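The values are calculated or read from the model by the stated rules, or taken from the named source; none is laboratory data. From a predicted model like this one, the values you see are computed outputs, not experimental measurements. Neighbour counts are summed over all protein chains in view; Cβ atoms, including those assigned to glycine, are modelled from backbone coordinates with ideal geometry. Areas reflect the complete protein model, heavy atoms only, side chains present, ligands, DNA and RNA absent. Shrake-Rupley method; radii C 1.70, N 1.55, O 1.52, S 1.80 Å.
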Amino acid sequence: MRQPLACSGVNASSATDADQLAISAIRALSIDAVERADSGHPGAPMGLAPLAYVLFTRHLKHNPANPGWIDRDRFVLSAGHASMLLYSLLHLTGYELSIEDLKDFRQLESRTPGHPESFATPGVETTTGPLGQGVANAVGFALAEKLVAARFNQPDEDPVIDHRTWVIASDGDLMEGVASEACSIAGQLALDNLVVIWDDNSVTLDGPANWSFDVEDVVKRFDAYGWRTLEIADGNDVAEIDRVLGEAAQSDGRPTFVRLVTTIGFGAPTKAGTNKAHGSPLGAEEAAAAKEAYGWTHEPFVVPDEVYEAADQRERGAAAESAWDERYQAFESTHPDLAEELERAMAGELAEDWDEGLPEFEDGHTEATRQSSGAVIQRLAAAVPELIGGSADLAGSNKTTIENSAAVTRELCAARNLNFGVREHAMAGMANGMLLHGGLRPFVGTFLTFSDYMRGSIRLAALSGLGVIFVFTHDSIGLGEDGPTHQSVEHLAALRAIPNLRVIRPADARETVGAWIEAIQRTDGPTALARRRQGVPVLPGSDASQVALGGYALNAVDDPDLVLVGTGSEVQHCVEAARILAEEDDLAVRVVSLPCMEALSDGDEDYADELLGAGDVPVLSVEAGVSFGWERWADDHVAMDDFGASAPGEVLMEEFGFTGQAVAEAARELLDDWEDED
């Protein structure tokens, strides 16, 4: 266990009395909030207080009076369990976060939730919870800054986009694969505007970190990633912290990794340096003893005026933003069109007439919906210059390449294609960060089955209301010979289970256009587009504009005997089955395309009821995925409630019952059962 160097927790020769008191205040507030909530993580804030105080008061470029200032530095607490560290800092440095908010830590509808949430608290840049996510988001922030700067900064002029991203990461963050993936990309792209500070406190929740994390040399790992590595041997040495952070802020052409040695639960007499300080309140006796070690004599949540005076960053922040305003005014005067574009892009607004010139398709035209999607991307890229995207080493299959642009490299940031490599989870986490940074509309692609590797990041996008577009192809057993490992079966249902995620599976090229229109307009949550590898015909009656409804009838049948409802490539089999049933059984069959269950569910209930027969006629669903979830919409299902096999796609579709004839036979059986029940 590392022992503190001084009971004040600060190298006294390098900090004023007010600095020492402010650092103690961060620790005390963190202790108080956790004790009051009887829940939380006090240890990391107690160990990190000197580092965080120096960063927020001497190095971070921010303005508490304007948390959304375009050119602020971004700070990410990837160790989100240490949230009281951030909340204490935001309160003390002048953000709109009151002492009452701190008292409400972890309470219902408070502005201080258990882990930082970007939509809940001013000054919180991203929602961090699962470890590693914040690191991936931060790499996205840093990459976004590079891309936006490359578009708007002008040669031989003062830059209007010129900021850094700072991260505090824990042992757990660095164990998670998503962080490793993201840091590898950051090194590949030489993101020299990124600083990750590792809180090396040798403790995890279960016990000493060396139980699970002592073989690898973390610093050498980051050396191997292509990062500059620095170290601070004593997390209480303010002078050394100040010096190293100053060095980190000066680019050497690489991202920077700082190893910071701290004592978790610093000052607590029996719990410091142990896992007992990690994830639960200290208890009244231990909390009082820790405060005594700091020389803190104030009642809970009482902060003396001299602390506020020392910590308040509003004046420094206003000066920094004012200096930037002068640069921006010069930029706006010289480049008014660019300034207007920058403001529009940072506000997340689309340009006028962005949807003009989208491709149109004739009935019967046959192509894969992934191919149609690629064509839509080209038209959108011309009209939405902030659109940027890439794939997890599958761009050729996903059709996600923007054809008139190069790929982003460490030498070239004025490009729009991102080569993420085989790093699906980092790709999704970075996309969230790029969206949060502002100025970009990211889309990212892979096979639908690999959405499993992205699920944590997709969920956080949905939780945070981020309009990231996830582009999935090879969306069923129809992909064929690669076999069941690559054939998505349960993935559509699994994605549909995520609140606030819209899953759109277009039936043909027309609906693919409509799917992209909905995705690009959506700003309150993410969209997943699921598209097919094999060709499908453009169906009579399909309509891009109807995708917004979630579902609609392809044919005009006012009083149907049966409703067939499908998604994606299976809608064509519904159309064929309806023809067979009309010719052979004299049945009136309504065919419904249901590209987006969430949109239909969120829309007019009467419309949905009328569309699907209001329970008066049998409804058969047809989708090459598990039937789970379809019980809301249909009475029986042609589904894929098992894994696939390795064979040509069309062979598999016939083998598992996804043909017009097989659907017609399933419909007859449903009708027989329906009539027997009557």
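Could you please let me know if ALA277 is among the small types (Gly, Ala, Ser) and more than 29 Å from the chain's Cα centre (by Cα)? For ALA277, the condition - among the small types (Gly, Ala, Ser) and more than 29 Å from the chain's Cα centre (by Cα) - is met. Can you go through GLU356, GLU362, GLU367 and tell me which one is open to solvent by 30 Å² or more (accessible area, probe 1.4 Å) and outside any loop (DSSP other than H, G, I, E, B)? Of GLU356, GLU362, GLU367, the one residue that is open to solvent by 30 Å² or more (accessible area, probe 1.4 Å) and outside any loop (DSSP other than H, G, I, E, B) is GLU367.
Screening ALA462, ALA493 for residues that are farther than 23 Å from GLY123 by Cα, touching a Gly at 6+ places or on another chain (Cβ under 9 Å) and surrounded by fewer than 24 Cβ atoms within 10 Å (Cβ to Cβ) leaves exactly one candidate, ALA493.
Among residues of the stretch 499-512 that are closer than 22 Å to LEU466 by Cα, those with a beta-carbon under 8 Å from a residue that is among the acidic types (Asp, Glu) and open to solvent by 10 Å² or more (accessible area, probe 1.4 Å) at least six positions away or on a different chain give the pairs ASN500/ASP524; LEU501/GLU598; ARG502/GLU518; ARG502/GLU598; VAL503/GLU598; ILE504/GLU518. Tell me, which residue of the stretch 12-48 that is more than 18 Å from VAL302 (Cβ to Cβ), among the hydrophobic types (A, V, I, L, M, F, W, C) and at pLDDT below 95 is least open to solvent (accessible area, probe 1.4 Å)? The qualifying residue least open to solvent (accessible area, probe 1.4 Å) is ALA15. Only one entry in LEU539, LEU564, LEU600 is touching a residue at least 24 places away in the same chain (Cβ under 8 Å), crowded, with 19+ Cβ neighbours inside 10 Å, in contact with a helix residue (DSSP H, G or I) (Cβ under 7 Å, 6 or more places away or on another chain) and in a helix (DSSP H, G or I), namely LEU600. I'm checking my understanding of the structure. Among residues of the stretch 212-242 that are of a type in the set (A, V, I, L, M, F, W, C) and exposed (fewer than 15 other Cβ atoms within 10 Å of the Cβ), which one is nearest to the chain's Cα centre (by Cα)? Step by step, filter the stretch 212-242, then rank; the result is ALA224. Of all the residues in the stretch 309-353, those that are touching a residue at least 40 places away in the same chain (Cβ under 8 Å), assigned to a loop (DSSP other than H, G, I, E, B) and under 13 Å from PRO385 (Cα atoms) number 2. I'm trying to understand the selection: among the residues of the stretch 386-404, which are surrounded by fewer than 16 Cβ atoms within 10 Å (Cβ to Cβ), in contact (Cβ under 8 Å) with a residue 12 or more places away in the chain and not acidic (Asp, Glu)? Once the filter is applied, which keeps residues that are surrounded by fewer than 16 Cβ atoms within 10 Å (Cβ to Cβ), in contact (Cβ under 8 Å) with a residue 12 or more places away in the chain and not acidic (Asp, Glu), the stretch 386-404 yields only ASN404.
Does PHE628 count as of a type in the set (Phe, Trp, Tyr) and closer than 20 Å to GLY483 by Cα? In short, no.
Return yes or no: is MET454 in contact with an Asp or Glu (Cβ under 6 Å, 6 or more places away or on another chain) and either modelled with pLDDT of 95 or more or closer than 16 Å to ALA530 by Cβ (or both)? When the stated conditions are applied, MET454 passes them.
Every test in (1) open to solvent by 60 Å² or more (accessible area, probe 1.4 Å); (2) in contact with a Cys (Cβ under 9 Å, 6 or more places away or on another chain) is passed by VAL663 save one, and that test is (1).
Conditions (1) farther than 21 Å from VAL148 by Cβ; (2) open to solvent by 20 Å² or more (accessible area, probe 1.4 Å); (3) at pLDDT 95 or above; (4) under 31 Å from the mean Cα position of the chain (by Cα), marked per residue:
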{"residue": "ALA284", "(1), (2), (3), (4)": "yes, yes, yes, no"}
{"residue": "ALA293", "(1), (2), (3), (4)": "yes, yes, yes, no"}
{"residue": "ALA320", "(1), (2), (3), (4)": "no, yes, yes, yes"}
{"residue": "SER333", "(1), (2), (3), (4)": "no, yes, yes, no"}
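Scanning the stretch 121-147 for residues that are out of contact with any strand residue (DSSP E or B) (no Cβ under 7 Å at 6 or more places or on another chain) and either part of a loop (DSSP other than H, G, I, E, B) or surrounded by fewer than 23 Cβ atoms within 10 Å (Cβ to Cβ) (or both) yields THR121, PRO122, GLY123, VAL124, THR127, GLY129, PRO130, LEU131, GLY132, LYS146.
Among the numbered criteria (1) part of a helix (DSSP H, G or I); (2) touching a helix residue (DSSP H, G or I) at 6+ places or on another chain (Cβ under 6 Å), which single criterion is violated by GLU286? Single failed check for GLU286: (2). All conditions but one from (1) closer than 24 Å to VAL167 by Cα; (2) open to solvent by 20 Å² or more (accessible area, probe 1.4 Å) apply to LEU245; the one that does not is (2). Restricting attention to the stretch 148-179, the residues that are open to solvent by 10 Å² or more (accessible area, probe 1.4 Å), touching a residue at least 60 places away in the same chain (Cβ under 8 Å) and assigned to a helix (DSSP H, G or I) total 5.
In the condition set (1) within 25 Å of PRO442 (Cα to Cα); (2) buried (at least 24 other Cβ atoms within 10 Å of the Cβ); (3) modelled with pLDDT under 95; (4) not hydroxyl-bearing (Ser, Thr, Tyr), ARG533 is compliant with all but (2).
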